[in-house]
Every structure is written in C-alpha cells, then in structure tokens.
1. Determine how large the accessible area of Tyr236 is when every protein chain is in place; take a 1.4 Å probe and give Å² rounded to the nearest 10.
2. Given 5 Å bins starting at zero, what is the percent of C-alpha pairs of the stretch 219-283 in each, up to the one with the largest pair distance?
3. With an 8 Å cut-off on Cα pairs and a minimum separation of 6 or more residues, tell me the relative contact order of the stretch 40-166 in percent.
4. Looking at the chain only, what percent of DSSP beta bridges run antiparallel? Nearest 5 please.
5. Pairs of alpha-carbon atoms within less than 8 angstrom and 6+ residues apart define the contacts here; what relative contact order does the chain have, in percent?
6. Could you work out the Kirkwood radius for the stretch 282-326, taking every pair of different alpha carbons, averaging 1/r and inverting it, reported in Å?
7. Quick one: Karplus J couplings for the stretch 123-138, per residue in order, coefficients 6.51, -1.76, 1.60, θ = phi - 60°, nearest Hz, x for Gly and Pro?
8. If you place +1 on the Cβ of every Lys and Arg and -1 on the Cβ of every Asp and Glu, how big does the dipole about the Cα centre of the stretch 197-300 come out, in debye to the nearest 20?
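The values are calculated or read from the model by the stated rules, or taken from the named source; none is laboratory data. This is a predicted model, so every value here is computed, not measured. Note that each Cβ is placed from the backbone with ideal geometry, even for glycine, and that neighbours are counted across all protein chains shown. SASA here: full protein model, heavy atoms, side chains in, ligands and nucleic acids out. Shrake-Rupley method; radii C 1.70, N 1.55, O 1.52, S 1.80 Å.
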Amino acid sequence: MKAIFFSKKMLIVIALLFVFTMSADSQNRIEVFMSQMLKTESAYKEFIKEGKHKEAIAPLTTLINLIDTSTIYKVINIPEASFKQSNNLYYYDLACCYAVIGKKKQAILALERAINLGYTYYDNMLSDNDLVSLRNEKKYNELLKVVKERTPLKRLKGSAPYAKDTKNENVMFTYQSKDDYRLHAVRDYLKLDSVAGQGDELSKIINLLHFVHDNMPHDGSHRAFAEMDAIDLYNYCKASGRGVNCRQLAISLCEMYLSIGIPARYVTCLPADPNDTECHVINSVWSEQLQKWIWIDPTNDAWVMDENGNLLSIAEVRERMINDQPLVLCETANWNHREKQTKEGYLYNYMSKNLYYFECNKHNQFNPESDYRTKTAEYIYLVPVGFADNKKGVVTTDSDLFWAKPETIE
C-alpha cells in the first residue's frame with residue numbers, strides 16, 4: 001500500500017458538508033454510519049501500520065460490506081453508483097493485504113473489483129511494493145493496462161477543445177470594489193495592509209496566500225458552521241481549532257484579494273466522471289503587473305510556473321499538461337505544513353483529474369454563498385465542446401470569454 005495524494009475519501013464525507021441542512025433523523029443516520037465507517041477504517045489502517053496485513057483483512061471486508069449494503073446515499077441524495085464507487089480504494093487495499101500474505105488469487109480478484117469500481121492510480125499500482133508478488137501474473141498486467149488507459153491525465157488529453165461562443169452574452173464576471181464597506185471591514189479586521197506588505201503586487205498576492213494557509217487549516221471532510229466570508233471563517237478556525245474545506249479557504253482568500261483591490265475568483269475545478277463528486281477549489285487572481293490570471297491554491301500554499309519561472313494561469317497549466325510542456329511547482333507547496341506536495345502528486349496525479357471543466361461564481365464579492373441570507377450566487381461553467389452535464393447556470397465553451405481580463409468593478 002502506498003499513500004495517494006488527496007486520497008478520495010468516502011463520498012459520504014463530502015456529503016456531510018451539507019449535513020446541517022437535513023432533518024434530525026437524517027443527521028442521526030449519517031452520524032451512525034460515519035461512526036461505523038471511521039471506526040472500521042481506523043482498525044484496518046492500524047493493523048497495516050503494524051505490518052499485520054492478515055489481521056487487516058477482516059475490518060477491510062467489513063468496511064466494504066458496510067458501503068455495499070448501505071442505502072445512506074438516498075438520504076444524502078447522491079447517485080448510488082457514486083456512493084458505491086468509493087469502495088475502489090478499499091478493494092485496492094484489500095488486494096494489497098492478500099498479496100502480502102501470498103494469497104494471489106484473492107489479491108487479483110480484489111484488484112479487479114477495485115478497477116471495475118473506477119480505480120485510476122496507475123503510478124501507484126505500478127510501483128506499490130505490496131503488489132510485488134503479482135508482478136508476473138498475466139491478469140495483473142492486464143489490469144495494469146486497463147488502469148493506464150484511464151489515468152486522469154490521459155482523459156484530460158482526450159478532451160475536446162474549446163470553441164468560440166458567439167451566442168452567449170451572459171459570460172461576464174463582476175468584482176466587488178475594495179471600497180465596499182464589507183470588504184473594507186475584511187481589510188481592517190484582518191490587518192491585510194500589514195499582511196500584504198509594501199512590496200510589489202506579486203509579493204502581496206503571495207503574502208496573502210501564505211497568511212490564509214498559515215492561519216486557516218484545511219479539512220476536506222469539514223464544512224464550517226459559519227457565514228461564507230473571510231472574517232467569520234477566520235474566526236471559526238481560531239476559535240474552534242478546526243480546519244475548513246477548500247471552497248471556504250478559496251472564498252476567504254478571494255475576499256482578501258478583493259479587499260485590497262486585486263480582482264480574484266474562487267474556481268471549482270471539476271472532473272469529467274459524473275460519478276466522481278470529489279473536486280478542488282482554488283483561486284484565479286488577476287495580476288495587473290503580469291496582465292494575466294495566475295493559479296493560487298490556499299489549501300496547498302501553491303502556485304505553478306513554467307520552466308523559466310513565469311507564473312501560470314489555470315488555463316495555461318491545463319494546456320501545458322495536455323501538450324506535455326514543462327511545469328514547475330513552487331517550493332512552498334504543502335498540506336497543512338505536514339506534507340510537502342510534489343509536482344507529480346499534486347499536478348499530475350490529482351489536479352489533472354480536476355481540470356476537465358470549471359465553475360466560477362459570476363459575482364465575486366463578500367459572502368458570496370451565504371446559507372443564512374439571500375443568496376446571490378450565479379454560476380458560469382467553462383466546458384469542452386460536446387461535454388454534457390446538467391449544471392444550473394450559464395455554460396460556455398469559450399475560454400477567451402471565461403478567462404477575460406476583469407473589467408466590471410461594482
């Protein structure tokens with residue numbers, strides 16, 4: 001077994017982000033299920049950590065059966081296929097356990113089941129020492145070829161191109177003025193003039209990124225019970241000691257940039273697979289100095305460059321991945337100051353999956369997605385030609401429109 005960057009968690013965990021909008025009975029059902037799942041998952045991982053692969057098989061099997069037989073997906077209103085697909089990593093771990101103790105037949109069967117459920121981590125399967133005993137097995141190599149064909153990067157490379165959109169006149173984004181009293185409050189409360197510093201624009205952009213990353217931990221399985229604004233989310237982290245999800249981090253950082261007069265968006269980066277509900281939210285920040293958008297990720301304290309050290313936009317990173325052009329990940333890239341991120345893990349194994357299409361809020365402003373006040377969120381999607389997804393909002397295939405220079409300041 002080998003740790004996978006941003007290992008896909010149980011889809012039920014993602015759904016828990018919205019648990020507070022459900023009935024008490026539904027919340028109770030979810031909490032019971034989660035308790036069982038986490039307890040069993042903890043048990044098998046502890047056995048593996050101790051090198052007791054044989055003992056890990058029983059709790060792993062229990063966990064797989066728990067997911068296979070549960071109907072909790074009906075409560076959280078996600079497709080059954082999406083819910084069951086989350087078992088692919090557990091079947092993979094089960095295959096590893098069987099392989100380590102020499103039960104090749106059971107290992108191959110579990111590995112095949114993992115792949116049938118959507119396992120995509122080719123590099124991990126290729127190099128995992130737990131699967132050494134299977135390397136010469138014909139079926140193993142057949143399965144390896146299947147996984148190689150479905151790697152996220154290969155799928156991204158196979159996507160249709162973008163195209164001009166002359167019919168859609170609604171692809172226009174607005175950016176709240178720094179003079180808005182609410183953004184002024186963000187700037188004053190968080191002392192962002194001091195945080196941003198007296199350097200040039202790029203240094204201010206990076207300083208604010210570091211500030212969020214250092215003061216607001218990431219917890220992908222937790223959605224803060226707070227307003228969706230930088231002040232409330234910052235205070236939530238400080239008061240509770242808990243982290244917030246990537247969307248809340250990106251919304252917070254977006255407000256901070258807007259508050260000092262730098263146009264910014266929070267961008268939901270989405271996969272092609274309709275059964276894959278795991279995505280990632282980062283920031284696209286306009287640099288007047290560079291006259292371009294740049295990739296900024298508060299979850300991982302990250303930005304991306306070309307081989308000459310030039311900062312890249314989300315669109316440029318996507319294009320370079322497709323065309324096999326060099327990418328350089330900044331040295332600071334890390335998760336919660338505990339795990340250093342690598343270019344291979346972060347960009348090619350994770351983000352390549354989540355660069356298939358994009359969602360942005362039309363209105364970039366203070367508290368853009370409030371759960372308690374009038375919602376103003378209107379979404380615009382950039383998709384490849386021919387990509388069908390039942391999204392509510394404006395959909396365009398025109399990347400030039402979607403990533404146009406910010407003009408409308410409100």
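1. Tyr236 has an accessible surface of roughly 40 Å² with all protein chains in place.
2. 3, 18, 24, 22, 16, 10, 5, 1
3. For the stretch 40-166, the relative contact order is 19 percent.
4. 75
5. On the way: 704 pairs, mean separation 66.9, N = 410.
Over the chain, the number comes to 16 percent.
6. 10.8
7. Computed from phi, the couplings for the stretch 123-138 are 4, 5, 5, 5, 10, 5, 5, 5, 9, 4, 5, 9, 4, 8, 7, 4 Hz.
8. So the dipole magnitude of the stretch 197-300 works out to roughly 120 debye.
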